[in-house]
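The values are calculated or read from the model by the stated rules, or taken from the named source; none is laboratory data. All of these numbers come straight from a predicted model, not from anything done at the bench. Using ideal geometry, Cβ is built from the backbone for each residue, glycine included, and neighbour counts are taken over all protein chains shown. Accessible surface is based on the protein model in full, side chains and every heavy atom, while ligands, DNA and RNA are left aside. Shrake-Rupley method; radii C 1.70, N 1.55, O 1.52, S 1.80 Å.
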Amino acid sequence: MARNKTQDAGEILQGTLDLLILRTLILGPAHGHTIARSIESTSENALEVEQGSLYPALHRLEDRGLVASEWGVSDNNRRAKFYRLTAKGRKELAAATGRWRRMTRAIGLILGESNG
Amino acid sequence: MGFQRYLNRESKDRDLAEEIQSHLAHEVDANLARGLSEAEARRRARLRFGNPRTVRERVWIYRSLPMMDGIFRDLRDAWRSLRKTKGLTIVALLVIALGIGVNTAVFSVVNTVLLQPLPYPDPHSLMRLVLFTPQRTLDGASVPEFNLWRQQTSVLRDVAGYDTGGAGLNLTGGDHPMQVQGVHVTHDYFTLFGAPVIAGRTFTEEEDSPHGGNVVVLSYGLWKQRFGGDTKIVGQTLPIDNTPYLVVGIIGPSFVSDNPADVWLPFQFDLNSQDMAHYFRVSARLQPGVTIEQANAQLKLASDQFRRLKPNAIGRQNHYGVFPLKEWMTGDTRTPLLVLLCAVGLVLLIACANVANLLLAKASGRQREFATRAALGAGRWQIIRQLLAESLLLSLSGGLLGLLLGYASVRLLLNVNTGSLPRVGENGMALALDMRVLFFTLGVSVLTGILFGLVPAVSASRTNLVASLNESSSRTGSGSRSVNFRSVLVITEIALALILVIGSTLLIRTYLKLQGVDPGFDTHNTLTMAMSISGDRFQASAPVDQIIRQGTERIKTIPGVVEAAAGNGLPLQGAFGVPFDIVGRSKGNAPSTGSTGYYSVSANFFEALKIPLLRGRTFTDRDNASAPGVVIINETLAKQYWPHGDPLRDRIQKAPGAGPPFTEPPRQVIGIIGDTRDGGLNRDPFPAIYIPLAQMPDGETALNSRIAPLWWIVRTNGDPHAVVAQVTAALRESTGGLPVAHIRTMDEIDSLMVSRERFNMLLLTVFGASGLLLAAAGIYGLMAFSVEQRTQELGIRMAMGAQTSHLRNMVLRQGMMLTIIGVVAGIAASFWLTRFLASFLFGVEKWDPLAFLLTPLLLSAVALAATWIPAVRATRVDPITALRFE
């Protein structure tokens, strides 16, 4: 039951959510809500994390061993599940960042942007 | 990634739910901090997050193997659906169990007899040495031939001779003399078959040469039974026929010999012997890397050499060769077993058609269920998959049931009658339920499930969604196509059943014809028993003649005994063969006038068996060693060699040109007696001559005593079993303590003769009857279904004033139409198929008019009866109810 939705400028490109999550976690362990807020605020609210996709993505990353999780207590004094980057996750982040840079540069070249 | 993704789905889901709750709480906190009211903060948080369930489902699906999940769901649904229609499920289950059961039964026999390798090391290199003639392949061996084969070391090794242990031996000494099976073997025998020695050793080459001494090897069974498993027996002596034999070794329990043996004795051949008598068999192994073709080529060369040395030994077109031992042992059972396998295949096909029919009927009542599923988004493949899951669940449970049923029934059957099948062991004990049988049954079950499930599944998935949902009456919706298809299934069932029934009719007729064959003598009230006379005492004719005279005299004094006699063979059991000349008659280029079966018999032999005398006279006590040589011939020999002349004027020279031990003067033909069926009831009688035992050359009697027992024949005037104890006692007294074995009446031997035919007939009849029943159930089911579907139509017809007989006939006509089409197809197929039965038939043509006329009538009658019930039901339709019906 796929909903037909016009492409929103703020919608995160498929496959890049993983990268953004990993990048956010380099600052230290965080729970889901913080991660979403962090992505949004760091991008100056240009990107909107579809919260429904966030948790499947987190679980996927955990299964791949890129992040690890444990329950803890948040700043608000609430129980929350904290995710942290693993060594494997760090390696993957470096590789994925490299891939992303190469790709955006290539796309920029095609689109004719001088300072891509 | 790994498999942990799929583990602990439930606990991970609970974890996720909690995580989502935590997320929402944080979002609410944030909203509250922005100054929203509590209610608004919650509302926005939920709105922002979306449906938590969707998120959980996404993760759940990500953690699932869609295939496996689908299969589990399908199986669960299938189980529910099958339970909902219990009656139908049970019937289907039984039909499948029957179909798979008979297949498992026959396959387990095929597996044991034909597929399993021989229980010896490297079984594929084991060969039987044979003589190929243009007509047949023979496996009898003589000493010069054995010697020749032994020398072919480039292609053969471990060349070993062994006999069938026919004569039996008497373990004397102790309180209980006992007759045991003693098989004579050459010393390579144990190496050839890899027999495990658990104590002592086997024969040395020296012990296996003439004057090698009296030595014996014990079987495990005899050792346990008679000597309590005491290994001290090795090195001691054992009295056999009152001669001490040195026990040299004991063979382990795992060794299964070709012919059952209690003890093994060395043959002690004189390899220089020129005696061409065939009285044992020879097997050998191919040298490593040598093919059967290479061995045969080498043996063909050897045959040519042999022919130059002994010009009359083997015919010009004959030559020696090898034949794989397993194929040799199972050769004549191969075709019957494969025919039976085909027959049960037909039964299974009928069963499949039947279950497919049931499932189609069930599916047609479920049109709306499928339409609803389809409307809810189930793809066509999903509906097919669900129905296939149902049929597979059905077929696998049926298969399991059939496995138990089939295995139990075949054990039971073989326990009653092994059908003289080789390799199934005593009472079928050797029949194994091994992996091959299990895989066969599993495979057949899966195949069956797909076969009978696919058609209903595909046809159900073709449901016209809108029509099915809108139509208030699902009864008329897809009826006609389904009925058409089911008609085809029923026609197929009838045709297949007819093939089976025609086949079994032919076998029943064969069996009855065999039962009706006159064996040439009176089998009733005749007791027979075997006495081993292999001891030194009986190496000449006179002592044998003497114990027969004494024995018969004693037996005749027993009340109820009418006549007693003895001979070196029994009718129906086959005879030794021997060449002969008719004195004074030209034999052209041939080495002798002809060859014939021969028996050495006592006086009153013909009277005891009631073999009719056609001309001349029978033997009396006066035809003894000092009297002139005489011979009696049978009718076949008389007709074959004296088409015009008078045999009673001629003399016969038995075994012309044979070596010294067999030399004897020509004999006067003194009588002609009726033929007996000695090559089997289904064979024409062969020529035979009878010679007074007292007049046999000593050398020949010595050989006969060694390789075959003396058979006693006692005619009684009441039940022969009543005198068994007295006869055996009388014989023991009169012979100085010799025991007897193989005590059977001639009627029992007669029925053993046809045991293979009875086995085939019984099985095929069971299969035919099953097929017939299944087909009847099939046509009944279809007609009942069709009547039910047409209730409305029938009601209207009735309301319009149709006669009940008219309605009944309409249904009957429809049913009989299917039957006739099926019968015609079945007859056509049978005309082609019965050729494969031809070799089993006796006295019946493969296109036997009776079978081809009567069976279709029988089948039509059964079909008519099966159609009658729904037809009558059609006439009972109440127009009012019928019209209100949905």
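Structure values in brief
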| item | result |
| --- | --- |
| Test: residue in the stretch B:88-105 that is more than 10 Å from every other protein chain (Cβ to nearest Cβ), in a helix (DSSP H, G or I) and touching an Asp or Glu at 6+ places or on another chain (Cβ under 7 Å) | no |
| Cβ-Cβ under 8 Å pairs, at least 6 apart or on other chains, the stretch B:630-656 side in contact (Cβ under 8 Å) with a residue 40 or more places away in the chain, far side open to solvent by 40 Å² or more (accessible area, probe 1.4 Å) and among the charged types (D, E, K, R) | B:T636/B:D684; B:D650/B:R585 |
| Test: residue in the stretch B:631-639 that is open to solvent by 10 Å² or more (accessible area, probe 1.4 Å), touching a Phe, Trp or Tyr at 6+ places or on another chain (Cβ under 9 Å) and modelled with pLDDT of 90 or more | yes |
| Qualifying residue in the stretch B:581-604 (condition: open to solvent by 50 Å² or more (accessible area, probe 1.4 Å), assigned to a strand (DSSP E or B), under 23 Å from B:K310 (Cα atoms) and hydroxyl-bearing (S, T, Y)) | yes |
| Pair list, Cβ < 8 Å and 6+ apart or interchain, from the stretch B:717-738 residues that are more than 15 Å from B:Q179 (Cβ to Cβ) to residues that are open to solvent by 90 Å² or more (accessible area, probe 1.4 Å) | B:A730/B:R554; B:A730/B:T557; B:E733/B:R554; B:S734/B:E553; B:S734/B:R554 |
| Strands (runs of 3 or more DSSP E) wholly inside the stretch B:143-259 containing at least 2 residues that are surrounded by 20 or more Cβ atoms within 10 Å (Cβ to Cβ) and modelled with pLDDT of 90 or more | B:156-162, B:215-218, B:243-251 |
| Selection count where residues are in contact (Cβ under 8 Å) with a residue 60 or more places away in the chain and of a type in the set (S, T, N, Q), scope the stretch B:810-825 | 1 |
| Residue match in the stretch B:633-640 (condition: under 27 Å from B:D522 (Cβ atoms), assigned by TED's automatic domain parsing to the domain that holds B:K556 and assigned to a strand (DSSP E or B)) | yes |
| Selection status of B:P692, under 35 Å from the mean Cα position of the chain (by Cα), open to solvent by less than 40 Å² (accessible area, probe 1.4 Å), assigned by TED's automatic domain parsing to the domain that holds B:T636 and in contact (Cβ under 8 Å) with a residue 40 or more places away in the chain | no |
| Hits in the stretch B:354-366 - residues which are touching a Gly at 6+ places or on another chain (Cβ under 8 Å), open to solvent by less than 10 Å² (accessible area, probe 1.4 Å) and either part of a loop (DSSP other than H, G, I, E, B) or not polar (S, T, N, Q) (or both) | B:A356 |
| Residue identified as modelled with pLDDT of 80 or more, within 25 Å of B:L763 (Cα to Cα) and among the small types (G, A, S) among B:G419, B:G453, B:G399, B:G425 | B:G399 |
| Residue count for the stretch A:24-34, restricted to those that are touching a residue at least 12 places away in the same chain (Cβ under 8 Å) and more than 10 Å from chain B (Cβ to nearest Cβ) | 6 |
| Residue match in the stretch B:91-102 (condition: among the small types (G, A, S), within 29 Å of B:N8 (Cβ to Cβ) and in contact (Cβ under 8 Å) with a residue 12 or more places away in the chain) | no |
| Within the stretch A:75-105, considering residues that are out of contact with any Ser or Thr (no Cβ under 8 Å at 6 or more places or on another chain) and not in a helix (DSSP H, G or I), the one surrounded by the most Cβ atoms within 10 Å (Cβ to Cβ) | A:L85 |
| Hits in the stretch B:484-504 (condition: in contact with a helix residue (DSSP H, G or I) (Cβ under 7 Å, 6 or more places away or on another chain), open to solvent by 30 Å² or more (accessible area, probe 1.4 Å) and not aliphatic (A, V, I, L, M)) | B:F485, B:T492 |
| Residue that is nearest to B:A882 (Cα to Cα) [pool: residues in the stretch B:773-795 that are open to solvent by 60 Å² or more (accessible area, probe 1.4 Å) and modelled with pLDDT of 85 or more] | B:Y780 |
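Conditions (1) open to solvent by 80 Å² or more (accessible area, probe 1.4 Å); (2) aliphatic (A, V, I, L, M), marked per residue:
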| position | (1), (2) |
| --- | --- |
| B:L512 | yes, yes |
| B:G516 | no, no |
| B:N525 | no, no |
| B:T528 | no, no |
| B:Q539 | no, no |
| B:V544 | no, yes |
| B:Q550 | no, no |
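Condition check ((1) more than 12 Å from every other protein chain (Cβ to nearest Cβ); (2) more than 16 Å from A:E50 (Cβ to Cβ); (3) among the polar types (S, T, N, Q); (4) part of a helix (DSSP H, G or I)) across all residues:
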| position | (1), (2), (3), (4) |
| --- | --- |
| B:E10 | yes, yes, no, yes |
| B:S22 | no, yes, yes, yes |
| B:E27 | no, no, no, yes |
| B:N31 | no, yes, yes, yes |
| B:L36 | yes, yes, no, no |
| B:R48 | no, no, no, yes |
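Okay, residues lined up against (1) free of Cβ contacts under 8 Å to residues at least 40 places away in the same chain; (2) part of a loop (DSSP other than H, G, I, E, B); (3) farther than 30 Å from B:D518 by Cα:
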site: B:G768; (1), (2), (3): no, no, no
site: B:V787; (1), (2), (3): no, no, yes
site: B:A802; (1), (2), (3): yes, yes, yes
site: B:I827; (1), (2), (3): no, no, yes
site: B:S830; (1), (2), (3): no, no, yes
site: B:L837; (1), (2), (3): no, no, no
site: B:F842; (1), (2), (3): no, yes, no
site: B:K846; (1), (2), (3): no, yes, no
site: B:L850; (1), (2), (3): no, no, no
